[in-house]
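What follows is a single structure, written as structure tokens, with notes after it.
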Amino acid sequence: MKRFPIWSWFWFLIGLLYFFMPLVSTLEFSLRMIKGKYTLEAYRVAFQDPEFYRNFGFSLLWASLTIVISLLLVVPTAYWVQLKLPKARPYVEFVTLMPFVVPAVVLTFGLIRLYGRPPLVLTTTPTALIVGYVVLSLPYMYRSVDSGLRAVDIRTLTEAAQSLGAGWGTILKDVIFPNLRVALLSGIFLTFAIVMGEFTFAALMSWPAFGPYIEQIGSMRAYTPQAISLMSFVITWGSIMLIQWVGRGARGQQIQIGGAR
Amino acid sequence: MAVERSPRADADPRQDQGDAPSARPPGKPFSWTWVGVAPFFLFAFLFLILPSASIVVRSFEGPGGTWTVQNILDIFQKSDIRNAYKLSLQISATTAIGGAFFGFLLAYAVTIGGLPKAVRNFMLTFSGVASNFAGVPLAFAFVATMGNAGLVTRLLEGTLNFDIHQAGFSIYNFWGLSIVYMYFQFPLMVLVMAPALDGLRREWREACENLGGSTFHYWRYVAFPILAPTLLGTAILLFGNAFGAYATAYAFTGSFLNLVTIVIGAQIQGDVLYNPGLGNAMALGMILIMSLVMMVYLWSQRRAARWLR
């Protein structure tokens, strides 16, 4: 006969409290803009600001560009390493761990100092920003794709396609891609969540983005920043839920380590 | 293509253990297969290695293009900078230990602690979300929680008639920021520890009991030694996580707290140290500490892989 796991419940409840107290508080706070009653005024104000849409739009743009470049960089590399060049694996893995070793603020510092002056100036265009985001996304993207590649027998699939006369383009598009769908979507949603809330790169390189916008609003107004923070949480939450939803049935959950924020 | 599998006498034996043996015949000086990964490494070289290397080189640059080690010495000698490192290290250690401890208990509760499966799934999902919820929004969430007009502040005032701000407690300090950091620290521990705790086999416990061991013996001599590398590795990961954090601290405390990342951020926006070389040296210090963190983490992962799989 098992005893009632009182301590387990105790710690679980503490954890629950820790998780939800800030969220409940943020919600409650965001509703208090008009004294004495709960209204959605803060949300109305937030949605009225044209800057909100502009910054949000820019973050969407940055996120899309980051995802495309990250995919183009990571998918062929991971595939090639798995298929033809296992020797390169330690080096690739080393690179994907580097963003943890070089924190965002340090990388920004390095990028601005290096590419802020000739011969190669990248800070006058959003290139340096996107590049930073891609670096930030590398660990997540690579590990998603790599675990996806390991889960299917990529070699046999490739050889089968080749023996049926498929070229590399067809192999990647019609054979490898569909098998990697879950892995790719995981990497994409995670990168999306990270870029949408990112502050360090955009703020220090002075590009419009959602993260710096929330921070600016925070120094100007009360209540609206909390309303927007809650939206930001919903974006993160939605992305993670989507990852779990597309990955349901797939075995094992990946632990993602990346750069600190 | 099956010919590829045929082992060669002179092939590296390590290569044949993986599921994908090298297509590259040994002894050939250059193989075109490396071209396939060239874009990736070129990108990494340009935007990761080169910026880091430039930080290293410029740390030794003195005024007027001279070479000096004074910047490195300044880190230890200038009290501002020494204090920044001290505070960053303290807050990282505090939240790493706190996060690891609390995260472990939670992971234990939802895996082998006898809670229903739904609770476990819920906790793991939420940990995935919380560990990725950091930066500016997190800072504002905590302002709404325990700031001057925060919900918890008002609840404490209303129910216990206890005004935390009258009691001389400000949240925009070391402990306040630690509480904020913990929000993304302990979920990471839960995510790592849950599979590790699942990996503890029933047979090990039974074997221990058959040999007359108590629960204490099981944890002391079986489970803990197996879990120790994972615990250590994750704690050190949390340490690095907090050490490199910038956005959360900046949005929460502004520049009240003298953290290394905050100083570097200020240095980027305007040369607050009045010495570009010193800024580079501070960044170099971060890279070195993070490298150390990564080495311990990788080492502990290898140790952990022996038992848990």
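Bear in mind these aren't lab numbers, they're just calculated from the coordinates by the rules spelled out. None of the values given here were measured: they were computed from a predicted structure. Counting neighbours? That spans all protein chains shown, and the Cβs are built from the backbone with ideal geometry, glycine included.
Summary table
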{"item": "Average beta carbon contacts from partner chains per residue of B:244-254, 10 Å cutoff", "result": "6"}
{"item": "Residue-wise HN-Hα coupling along region B:185-190, computed from phi with Karplus coefficients 6.51, -1.76, 1.60 (Hz; x: Gly, Pro)", "result": "7, 5, x, 4, 4, 4"}
{"item": "Reduced Cα scattering model of region B:73-305, Debye log10 I(q)/I(0), q = 0.13, 0.14, 0.15 Å⁻¹", "result": "-0.89, -0.98, -1.07"}
{"item": "Taking all pairs of distinct alpha-carbon atoms in chain A, Kirkwood radius in angstrom", "result": "21.0"}
{"item": "Calculated [θ] (222 nm, deg cm²/dmol) that DSSP helices of n ≥ 4 give over the protein assembly as shown, each run adding -39,500 (n - 2.57)", "result": "-22000 deg cm²/dmol"}
{"item": "Euclidean distance between Cα centres, region A:114-142 to region A:152-181, Å", "result": "32"}
{"item": "Amide H contacts under 5 Å for B:GLU61, placed H, 5+ residues apart", "result": "B:THR68"}
{"item": "Packing-based ranking, highest mean first, of B:33-42, B:204-213 given that Cβ atoms within 10 Å are counted", "result": "B:33-42, B:204-213"}
{"item": "Shielding by partners, peptide B:121-130 (average Cβ within 10 angstrom, other chains)", "result": "6"}
{"item": "Cα coordinate range in region B:79-154, projected on the principal axes (Å, largest first)", "result": "52, 30, 22"}
{"item": "Backbone HN-Hα couplings from phi across region A:188-193 [Karplus 6.51/-1.76/1.60, Hz, Gly and Pro as x]", "result": "5, 5, 5, 4, 4, 4"}
{"item": "Cβ-placed point charges (K, R +1; D, E -1), dipole of region B:164-246 about Cα centre in debye, nearest 20", "result": "80"}
{"item": "Average beta carbon contacts from partner chains per residue of A:226-237, 10 Å cutoff", "result": "5"}
{"item": "Residue order, fewest to most surrounding Cβ atoms within 10 angstrom, among B:PHE101, A:PHE19, B:PHE252", "result": "B:PHE101, A:PHE19, B:PHE252"}
{"item": "Listed peptides B:144-151, B:220-227, B:92-99, A:53-60 by packing density, highest first (mean Cβ within 10 Å)", "result": "B:92-99, B:144-151, A:53-60, B:220-227"}
{"item": "3J(HN,Hα) from dihedral phi, region A:81-96, Karplus parametrisation 6.51/-1.76/1.60, rounded to Hz, x for glycine, proline", "result": "5, 5, 8, 10, 9, x, 4, 7, 3, x, 5, 4, 5, 4, 4, 6"}
{"item": "Spherically averaged projected area in nm², based on the convex hull that wraps the Cα atoms of the protein assembly as shown", "result": "32.2"}
{"item": "Residue (of A:PHE109, A:PHE177, A:ILE154) at the positive-pole extreme of region A:26-246, dipole from beta-carbon charges", "result": "A:PHE109"}
{"item": "Residue with peak Gaussian network fluctuation, chain A [Cα springs, cutoff 10 Å], from A:TYR79, A:TYR18, A:TYR38", "result": "A:TYR18"}
{"item": "Within a Gaussian network of chain B (alpha carbon springs, distance under 10 Å), most fluctuating of B:LEU46, B:LEU73, B:LEU89", "result": "B:LEU46"}
